[in-house]
Amino acid sequence: MFFQGKDYIRPSKKLRLLSVVQALTENERLSQTQLARFSRTSSAMVNQYLAELHREGMVQFAPVNRKSFAYRLTDKGQEARRNMMEQYCAEMVRGFASIKELVRRRLEPLAERRAHGAPLHTASLRIALFGAAETGEVVLAALEGTPFEVALVVDNDAAKHGTPFHGHT
């Protein structure tokens, strides 16, 4: 569901709460076990989150049968979900921008060599990009507005050979 890293970006309570309320937005009939799987936490934690959301007037419980409930977000819960989603997306965009800047800084020495007369055969700096997946997408975005031109994209996955990748083959 949401990006949850293992070593460097650990899920917080806010991210797990967002996962729970987003799951409820998509399906009010999810069990606590399903919500736990979705939010990558335990059923006991989901139970605590639901109780907290209920106390705060963000979730209503409706009995489905003797053993299970449907959990419906109230208007207050929907507003809280929208606010949490905005904050989450803003953090992800800032992270993406930071990674693009890091890639640009790593490529600066190559551009400086070109500026100081290192022999190059073309007006732009042609490079090969290894990896036609998410990291390659980030690098392509980072290269926009730079003197670098991606001449070709290389990938180990034979299924990707000859297929389009963001305007490159």
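A few points about this structure:
- Accessible surface of the chain [probe 1.4 Å, protein heavy atoms]: carbon and sulfur percent: 54 percent
- Residue-level accessible surface for residue 169, protein heavy atoms, 1.4 Å, Å²: 110 Å²
- Charge-dipole axis of the stretch 54-107 as Lys and Arg at +1 and Asp and Glu at -1 on Cβ define it, positive-most pick from 64, 74, 107: 107
- The string of couplings for the stretch 82-99 from the Karplus curve (6.51, -1.76, 1.60, θ = phi - 60°) is 4, 5, 4, 5, 4, 5, 4, 4, 4, 5, 5, 5, 4, x, 4, 4, 5, 5 Hz, one whole number per residue in order, with x for Gly and Pro.
- For the chain, the per residue solvent-accessible surface stands at 67 Å², with DNA, RNA and ligands left out and a 1.4 Å probe.
- Among residues other than residue 163 with Cβ under 15 Å from its Cβ, the summed charge is -2 (Lys and Arg +1, Asp and Glu -1).
- Using C-alpha pairs under 8 Å with a sequence gap of at least 6, the mean separation divided by the residue count of the chain gives a relative contact order of 14 percent.
- Here the dipole of the chain is about 640 debye; that uses its Cα centre as origin and unit charges on the Cβ of Lys and Arg (positive) and Asp and Glu (negative).
- Helical runs assigned H by DSSP (4 residues or longer) give the chain a calculated mean residue ellipticity at 222 nm of -17000 deg cm²/dmol, each run adding -39500 (n - 2.57) before division by the residue total.
- Proximity of backbone amide H atoms, modeled 1.01 Å from N, is registered between residue 126 and 149 at under 5 Å, excluding neighbours fewer than 5 places apart on the same chain.
- What the phi angles of the stretch 149-156 give under the Karplus curve with 6.51, -1.76 and 1.60, with θ = phi - 60°, is a coupling list of 10, 7, 7, 7, 10, 10, 8, 6 Hz, glycine and proline written as x.
- Applying 1/(1 + (r/R0)^6) with r as the Cβ-Cβ distance of residue 87 and residue 44 and R0 = 22 angstrom yields a FRET efficiency of 0.25.
- Summed side-chain charge close to residue 21 - residues other than residue 21 whose Cβ falls under 14 Å, Lys, Arg +1, Asp, Glu -1: 0
- Above 13 Å, the calculated P(r) of the stretch 54-117 contains 75 percent of its Cα-Cα pairs.
- Label-point separation, residue 128 to residue 102 (7 Å along Cα→Cβ), nm: 2.5 nm
- Nonlocal amide H pairs with residue 70, under 5 Å, H built at 1.01 Å: 62, 64
- Value of D in µm² per second that Stokes-Einstein yields for the stretch 48-169, Kirkwood Rh from Cα pairs, at 4 °C (1.567 mPa s): 69 µm²/s
- Nonlocal amide H pairs with residue 59, under 5 Å, H built at 1.01 Å: 54, 74
- Alpha-carbon spread of the stretch 21-75, three principal axes, descending order, Å: 25, 24, 20
- Rounded to the nearest 20, the Cβ-based charge dipole of the stretch 30-115 about its Cα centre (Lys and Arg +1, Asp and Glu -1) stands at 360 debye.
The values are calculated or read from the model by the stated rules, or taken from the named source; none is laboratory data. Predicted model only: the values in this text are computed from it and were never measured. Heads up, the Cβs are rebuilt from the backbone with ideal geometry, glycines too, and the neighbour counts pull from every protein chain shown. Just the protein is used for accessible areas: all its heavy atoms, side chains included, with ligands, DNA and RNA removed. Shrake-Rupley method; radii C 1.70, N 1.55, O 1.52, S 1.80 Å.
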